[in-house]
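Undergrad: Pasting in a structure now, in structure tokens, and then I'll have a few things to ask.
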Amino acid sequence: MSVSSMSGCAPFTFTVTNQTDTEENAECVINLGDGTEHVGCEESFDHTFDEPGEYYLTYTYSVNDFTSDFELGPILVFDPPAQPTLSYDSEANLLSCDCGEGMTLNWFLNGDPVSSTVSDWSPTDNGLYSVQIVDENGCDATSEELGVIVVGLEEFEIAEEFLVYPNPATTWLQLVAPSEGAMVSIYGLDGSLIQSFQMSGRQHVLHLDLAAGVYVARITTPTGQDHVARFVVSQL
């Protein structure tokens, strides 16, 4: 009897191979060490250990009056790290990971790897960020994606007079501009322009047909002032 691997991260799936030349009336029983048994002399089968720990497999082969036992182990199953969480400080433009100590970090932007390997850093691109952490046993966990919109102060003036609500929104969004006749542009996280229009007054109800996520509303007043506000669209 052999196994495809002697260690892994929970849940750990491995293949057990029966290398015994069995006779027609032979019986094979494998105690898998987790309270379960596999009965049968087939060539191989898969098994999963859901919990971390040390496991020993005991193989009992019987034919006629002959019985033999063989033990294999330990098979080491490691506890995977907890899922990391991300946070973003827009004022400091600081993306942070609650990743734990001693982890290798792999950052992703829109699913593609980025070069940063530290837990706190300043992103330069808009998009969906996530991080994968890998511990000393090779076990990994990946955070949920976090939408980040990097707004340079040299490009936008953030004004309290520009209001968007409710936030999060579902099917509609109320826009309140500092003056009449402002141009409104709605952008996605990747910087793509979704729609633009001109407000006739200071207030406008925008009917939303957008996927759940984070967006940017930018207005330009008739005097040339730019203002920006982030808003979240959530599912009904």
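Undergrad: Inspect segment 149-156 for any residue being at pLDDT 85 or above, part of a loop (DSSP other than H, G, I, E, B) and surrounded by 18 or more Cβ atoms within 10 Å (Cβ to Cβ) and give the result as yes or no.
TA: Taking segment 149-156 as the starting set, the residues that turn out to be at pLDDT 85 or above are none.
Among the residues of segment 149-156, not one is at pLDDT 85 or above, part of a loop (DSSP other than H, G, I, E, B) and surrounded by 18 or more Cβ atoms within 10 Å (Cβ to Cβ), which makes the answer no.
Undergrad: Strands (runs of 3 or more DSSP E) wholly in segment 159-236 with at least 3 residues that are over 18 Å from L128 (Cβ atoms), in contact (Cβ under 8 Å) with a residue 60 or more places away in the chain and not assigned by TED's automatic domain parsing to the domain that holds T124 - which ones? Show your work before the answer.
TA: Details: elements: 163-165, 172-176, 183-187, 193-198, 203-207, 213-220, 226-233.
Because the criterion is at least 3 residues that are over 18 Å from L128 (Cβ atoms), in contact (Cβ under 8 Å) with a residue 60 or more places away in the chain and not assigned by TED's automatic domain parsing to the domain that holds T124, the strands (runs of 3 or more DSSP E) in segment 159-236 that meet it are 226-233.
Undergrad: For G100, state whether it is in a loop (DSSP other than H, G, I, E, B) and either β-branched (V, I, T) or within 30 Å of L146 (Cα to Cα) (or both). Let's see the steps before the verdict.
TA: On the way: in a loop (DSSP other than H, G, I, E, B): yes; either β-branched (V, I, T) or within 30 Å of L146 (Cα to Cα) (or both): yes.
Taking the combined requirement at face value, the residue satisfies it.
Undergrad: Exactly one condition in (1) in contact with an Asp or Glu (Cβ under 7 Å, 6 or more places away or on another chain); (2) outside any loop (DSSP other than H, G, I, E, B) is not met by F108; state its number.
TA: (1)
Undergrad: From the list V233, V205, V214, exactly one residue is of a type in the set (V, I, T) and more than 30 Å from the chain's Cα centre (by Cα). Which is it? Please lay out each step first, then the result.
TA: Values: V233 fails: more than 30 Å from the chain's Cα centre (by Cα); V214 fails: more than 30 Å from the chain's Cα centre (by Cα).
After applying the criteria, what remains is V205.
Undergrad: Taking the conditions exactly as written (in contact with a Phe, Trp or Tyr (Cβ under 6 Å, 6 or more places away or on another chain), within 20 Å of N137 (Cβ to Cβ) and β-branched (V, I, T)), does V77 satisfy them or not?
TA: Yes; evaluated as a whole, the condition is true for this residue.
Undergrad: Just a yes or no: is a residue in segment 124-140 hydrophobic (A, V, I, L, M, F, W, C), in a strand (DSSP E or B), within 31 Å of the chain's Cα centre (by Cα) and modelled with pLDDT under 90?
TA: If we filter segment 124-140 for residues that are hydrophobic (A, V, I, L, M, F, W, C), which is where we start, we get 128, 131, 133-134, 139.
Filter again for in a strand (DSSP E or B), leaving 128, 131, 133-134.
The next check asks that each one be within 31 Å of the chain's Cα centre (by Cα); those that pass are 128, 131, 133-134.
Subsequent filtering for residues that are modelled with pLDDT under 90 retains 128.
The answer is yes; a qualifying residue exists.
Undergrad: Criterion first (more than 30 Å from L189 (Cα to Cα) and hydroxyl-bearing (S, T, Y)) does S90 satisfy it?
TA: Numbers: more than 30 Å from L189 (Cα to Cα): no; hydroxyl-bearing (S, T, Y): yes.
In short, no.
Undergrad: So which residues in segment 28-47 are loosely packed, with under 14 Cβ neighbours inside 10 Å and over 37 Å from the mean Cα position of the chain (by Cα)?
TA: Within segment 28-47, V39, G40, E42, E43 qualify.
Undergrad: Looking only at segment 48-70, how many residues end up being more than 30 Å from Q132 (Cα to Cα) and within 39 Å of the chain's Cα centre (by Cα)? Quick ask: steps written out before the conclusion?
TA: Pass one, segment 48-70, residues more than 30 Å from Q132 (Cα to Cα): 56-70.
After this cut, where a residue has to be within 39 Å of the chain's Cα centre (by Cα) as well, the list is 56-58.
So the answer is 3.
Undergrad: Next up: Please go through segment 111-121 and pick out each residue that is part of a loop (DSSP other than H, G, I, E, B) and surrounded by fewer than 17 Cβ atoms within 10 Å (Cβ to Cβ). Quick ask: steps written out before the conclusion?
TA: Start the filter on segment 111-121 by keeping residues that are part of a loop (DSSP other than H, G, I, E, B), which leaves 111, 114-119.
If the condition is that a residue be part of a loop (DSSP other than H, G, I, E, B) and surrounded by fewer than 17 Cβ atoms within 10 Å (Cβ to Cβ), then G111, S115, T117, V118 are the ones that fit.
Undergrad: Okay, next question. From D89, D65, D69, D98, grab the single residue that is surrounded by 11 or more Cβ atoms within 10 Å (Cβ to Cβ) and modelled with pLDDT under 90.
TA: Matching residue, one of D89, D65, D69, D98: D89.
The values are calculated or read from the model by the stated rules, or taken from the named source; none is laboratory data. Not measured: the values here are computed from a predicted model. Don't worry about glycine lacking a Cβ; one is built from the backbone with ideal geometry, like all the others, and counts go over all protein chains shown.
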